[in-house]
Amino acid sequence: MFQRAALFILFLAALPAAADDLSESVRKDYDEHLAELFDYFHRNPELSTVEFDTARRMALELNLAGFEVTEGVGGTGVVAMLKNGEGPLVMMRADMDGLPVEEKSGLANASRKQQEDPITGNTVYTMHACGHDVHITSLVGTARHMAAHRDTWRGTLMLVVQPAEERVLGAQAMRDDGIWERFGKPDYALAFHVNSLDVAGKINITEGSPFAGADTVDIVIHGVGAHGAHPYAGKDPIVLGSQLVLALQTLVARELPPRWPGVVTVGSFHSGTKHNIISDRAHLQLTVRSTTPETREILLTGIRRIAENMGRVAGLPEDKLPEVTISTESVPPTVNSPELARRLRAEWIEALGEDRVILNPSKGMGAEDFPFFTVDPDITAVYWQVGGTPQEDFDRAAAGGEPVPSHHSPLFKVVPEPSVTAGIESTVIALQSLMAE
Ligand SMILES: [Zn+2]
Ligand SMILES: [Zn+2]
């Protein structure tokens, strides 16, 4: 007991004073204001593109914090500006949409909200099953802290409340609505995601690509229909499509450098109507994932090359070769500026201590629409993750108990505290570093 107390005192003594002040004031604001705000957002999730009440509440909160607020940017998007002397323009983004999922987390504040789904027209349950309620609550906390501590920074702070991340529409919609032209093009762009796979309160930062790029690709194969008993009289798109599915796998296996990750998944293959009819058409639907623009280029040009040439191999005429369409719904990979990631990592370690900052790269190839803010024109950007699951939950899962639920699951739950406060701490430290006096 004594030993533990002594260790605790040593630990306290080792903590830097600045972080103490920041953590204390953020915790206080959480207790007095943000906890209730999080609760409101968690109980009232809204679907992509129809985040009307969420946007209105965010506009109100950011306005009360002292920001100049513009609503209706790219649909329901909100832009809040605070000018504080000469200095860089820095943008911090938080996405605000929920998902069409019925919450089964068992939490006291679980959502029972229903909303008309703008895609299907059906009324569905909605849930903050990705933790975007953490992002927006943190953004308000950041706004309040930065406004109250104007003596610690110089420049212009742009807070962006983004709609429709889950449908990868919102960032592009805000760009199309002239966000840079109307409010200025940022020198730096920042964002974070709460992560159920990291321990609550930890800050997870990678120099590489925290989120993959995703491309949606359609391939239409034009065959020549015939009787199933007379295959020589037609061109069978099912046989060609099958060869194509396997040939596409060589892109990752044989064309990408083995240390460059990529995924080519044919998720859907539709053709034909009946046993004895050779169809005249096949339709393949692909998702393609990459973590660098170079990988993306190799995969997308490779798909086109293989599809067209497999058509030639099958003897199709030049005007009937397979048609490859890359959807505009695609997103580029989220790529961190390595230099800025290193710099912020060092700042976080110095301010919060070594044990708060981790490196836990994603094993999957999930995507984000944040890069629409950071490419064309390129803006120096860093995207990090903030842990959302208590250590006890990982321990219980490791001992054979309930597994930690993933994002988008009806069971998804992250703890708002310390997720929200860690989001604010890491954002404020990053902003104060980039906008140092
Ligand atoms: Zn999500
Ligand atoms: Zn998300």
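The values are calculated or read from the model by the stated rules, or taken from the named source; none is laboratory data. These numbers come from a predicted model, not from an experiment. All Cβ positions, glycine included, derive from the backbone under ideal geometry; neighbour counts span all protein chains shown. Just the protein is used for accessible areas: all its heavy atoms, side chains included, with ligands, DNA and RNA removed. Shrake-Rupley method; radii C 1.70, N 1.55, O 1.52, S 1.80 Å.
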Worksheet item: Distance from the Cα centre of region 203-225 to that of region 378-402, in angstrom?
Response: 24 Å
Worksheet item: Sorted by packing (mean other beta-carbon atoms within 10 Å per residue), highest first, where do 70-82, 397-409 land?
Response: 70-82, 397-409
Worksheet item: Using the alpha-carbon centroid of each, what span in Å lies between region 304-357 and region 75-106?
Response: 24 Å
Worksheet item: Taking θ as phi - 60°, what are the ³J(HN,Hα) couplings along region 153-170 by the Karplus curve (6.51, -1.76, 1.60), each to the nearest whole Hz, with x for Gly and Pro?
Response: 7, 9, x, 10, 9, 10, 9, 10, 9, 9, x, 6, 5, 5, 10, 6, 10, x
Worksheet item: Ordered by packing density, taken as the mean number of other Cβ atoms within 10 Å over each peptide's residues, highest first, how do 217-229, 377-389 rank?
Response: 377-389, 217-229
Worksheet item: Using a Gaussian network model of the chain with C-alpha springs under 10 Å, which one of LEU321, LEU34, LEU99 is most mobile by mean-square fluctuation?
Response: LEU321
Discussion item. Explain nothing, just the number: dipole magnitude of region 303-414 about its Cα centre with +1 on each Lys and Arg Cβ and -1 on each Asp and Glu Cβ, in debye rounded to the nearest 20.
Written reply: 300 debye
Practice prompt. Calculate one ³J(HN,Hα) per residue across region 305-322 by plugging θ = phi - 60° into the Karplus curve 6.51 cos²θ - 1.76 cosθ + 1.60, and present them in order as whole Hz with x for glycine and proline.
Written response: 4, 5, 4, 5, 6, 5, x, 5, 4, 7, x, 6, x, 4, 8, 10, 5, x
Item to complete: May I ask which residue of LEU352, MET96, VAL224 lies farthest towards the positive end of the charge dipole of the chain, with charges of +1 (Lys, Arg) and -1 (Asp, Glu) on Cβ and the Cα centre as origin?
Response: VAL224
Worksheet item: In terms of the Cα gyration tensor, with a ≥ b ≥ c the square roots of its eigenvalues, is the chain rounded because a/c is under 1.5, prolate because a/b exceeds b/c, or oblate?
Response: prolate
Fill in: Spatially near lysine pairs across the chain, Cα under 21 Å, sequence gap of 8 or more or different chains
10
Discussion item. Heavy atoms of the protein only, probe of 1.4 Å, neighbouring chains included. What is the accessible area of PHE394 in Å², nearest 10?
Written reply: 50 Å²
Worksheet item: Which far-off residues, 5 or more places away or on another chain, put their amide H under 5 Å from the one on ASP198, with H placed in the peptide plane?
Response: GLY388, THR389
Worksheet entry | Dipole-positive endmost among GLN172, GLY66, THR152 within region 36-176 (Cβ charges, Cα centre) | THR152
Worksheet item: Taking amide H positions as placed 1.01 Å from N in the peptide plane, with prolines and chain starts having none, which residues 5 or more places from VAL375, or on another chain, fall under 5 Å of its amide H?
Response: none
Worksheet item: Remind me, what semi-axes does region 371-437 give for its equivalent ellipsoid, largest first in whole Å, using sqrt of 5 times each Cα gyration tensor eigenvalue?
Response: 32, 17, 9
Discussion item. Loop-only GluC sites (Glu not before Pro) in region 254-348, please: DSSP not H, G, I, E or B, and at most 12 other Cβ atoms within 10 Å.
Written reply: none
Practice prompt. Quote the relative contact order of region 73-209 in percent (integer), defining contacts as alpha-carbon pairs under 8 Å separated by 6+ residues.
Written response: 41 percent
Practice prompt. List the residues whose amide H sits under 5 Å from the amide H of GLY223, counting only those 5 or more places along or on another chain, with H placed 1.01 Å from N in the peptide plane.
Written response: ARG281, ALA282
Worksheet item: If you average the sequence gap of Cα pairs under 8 Å that are 6 or more apart and divide by the length of the chain, what percent do you get for the contact order?
Response: 23 percent
Worksheet entry | Cα-based shape type of region 227-372, given that a ≥ b ≥ c are square roots of the gyration tensor eigenvalues and the cut on a/c is 1.5 | prolate
Discussion item. Output wanted: per-residue J couplings in Hz (rounded whole) for region 423-433, from phi through Karplus 6.51 cos²θ - 1.76 cosθ + 1.60, θ = phi - 60°, x for Gly and Pro.
Written reply: x, 5, 3, 5, 5, 4, 4, 5, 5, 5, 5
